[in-house]
1. Hey, rough spin-label estimate for ALA170 and ALA187, points 7 angstrom out along Cα→Cβ, what's it come to in nanometres?
2. Between SER324, SER36, SER147, which gets the highest mean-square fluctuation from a Gaussian network model of the chain, Cα cutoff 10 Å?
3. Need one number: nm distance between label points at LEU317 and GLU334, each 7 Å from Cα along Cα→Cβ, rounded to one decimal.
4. Please work out the FRET efficiency for the pair THR260 and SER384, using the Cβ-Cβ distance as r and a Förster radius of 41 Å; give the result to the nearest 0.05.
5. Taking the DSSP beta bridges in the chain as the whole, what percent of them are antiparallel, to the nearest 5?
6. Which GluC sites (Glu not before Pro) from region 48-151 combine a DSSP loop assignment with at most 12 other Cβ atoms within 10 Å?
7. Give me, ordered by chain and number, the residues 5 or more places off ASN287 or on other chains with an amide H under 5 Å from its own placed amide H.
8. State to the nearest 20 debye the size of the charge dipole of region 143-296 about its Cα centre, where the only charges are +1 on K and R beta carbons and -1 on D and E beta carbons.
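No lab work stands behind these numbers, since they all come straight from the coordinates. Just so you know, these numbers come straight off a predicted model, no measurement behind them. Glycine gets a Cβ as well: all are built from the backbone with ideal geometry, and neighbour counts include every protein chain shown.
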Amino acid sequence: MTQKRIYLDYSATTPLRPQVRRAMAPFLNEVYGNPSSVHALGRDARLAVEDARRGLLATLGASEGHLVFTGSGSEADNLAIVGFARRNPGGCIIRSSIEHKAVIAATKALQAEGYDVRVVPVDGHGVVDVAALQELVSGVEGSALVSVMWANNETGVIQPMSEIGELCRAHGAVLFSDAVQAFGKVAVEPLDAGVDMIALAAHKLGGPKGVGALFTGRAMDLEPVVYGGGQESGLRAGTENVAGLAGFAAAAESAADGLTDEAARLSSLRDHLAAGLLAALPEIVINGSDAPERLPNVLSVSVPDVDIEGLLTSLDLEGICVSSGSACTTGSVEASYVMQAMGREGDYAANTIRISMGWETHADDIAYVVDTFPKLVHRVREYSNRP
């Protein structure tokens, strides 16, 4: 097995940034107090929590608003959706057909309990059908929550959040967005876009795992999904992960610094990779490539006539770390519901590979993938077709 290792799965998780390690270190050692304690060590911990909160609000361009810390982006999704539904039992939840599985699972659970849940489709590029959304929202009597993810975790396609925000305001609907993939890669400013709530996660932008947040731009009446000691203004019980939150804020600040330049660098690498793969394998499809906007670091590739598990294994043996579709279903390689929602069928739905880059990805890494990927596709096809 080769010793070369090229990590191209940044949409699944990211390496810890050096500045994040430095920010976390004091709270893993000498400042170990519980932020709910009244003594000096507790007060120092509380100060760190509130510093992290202010820092994250600043990166969101939010001089006003609230930030509730959670244990993950998925928990933040559930707090927004289930929390809203529990306080609005006669209301309606409208979600896109390509939401993160945390959103889909939460809405399915609510639907099983009798809640009104509706689904808005996307077009062949993975963009929400705004006309269909308007028809759904305008037909709701009573309160409504609309859930549209800022950028898709498989294709990287960015949704027209400002347009959707304007639509929701016009109809009095609350707009929630899972912005986990977008935050730190492109500018995410919910107040400017008219988005009422967004979910975030630290580990997608160089922070630690197990830390997330729910931002609300205005006071929201939400039912907690975790009960206990009343931390986070009563919305999320449990002792705050002080070191993790310090790391979250440091990661967000680091990602915000030079965001434009890094986005340009990564989009150039992404486009070079796409061109190289298409030149060698003209039968492949780059999903979402014609959408108005995509994340700069994500390339979704559908490869027909190949054993996808065999291809993933072969890539791994050659030191290339990528995912099949998304990495949000443990140990799963299955047809992508996102691709199916976009109208993909057969191999173009099942044989999808997501290649996602980050700050440690360089041109020589991409050159290696351009050279290696097509060879492995042909090798796996030949092996599969042996009598």
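1. 2.4
2. With Cα springs under 10 Å in the chain, the top fluctuation among SER324, SER36, SER147 is at SER36.
3. In this crude label model, LEU317 to GLU334 measures out at 2.7 nm.
4. 0.40
5. Expressed as a percentage, antiparallel bridges in the chain total about 55.
6. GLU64, GLU113, GLU141
7. HN-HN under 5 Å from ASN287: SER300, VAL301, SER302.
8. Computed charge dipole of region 143-296: roughly 280 debye.
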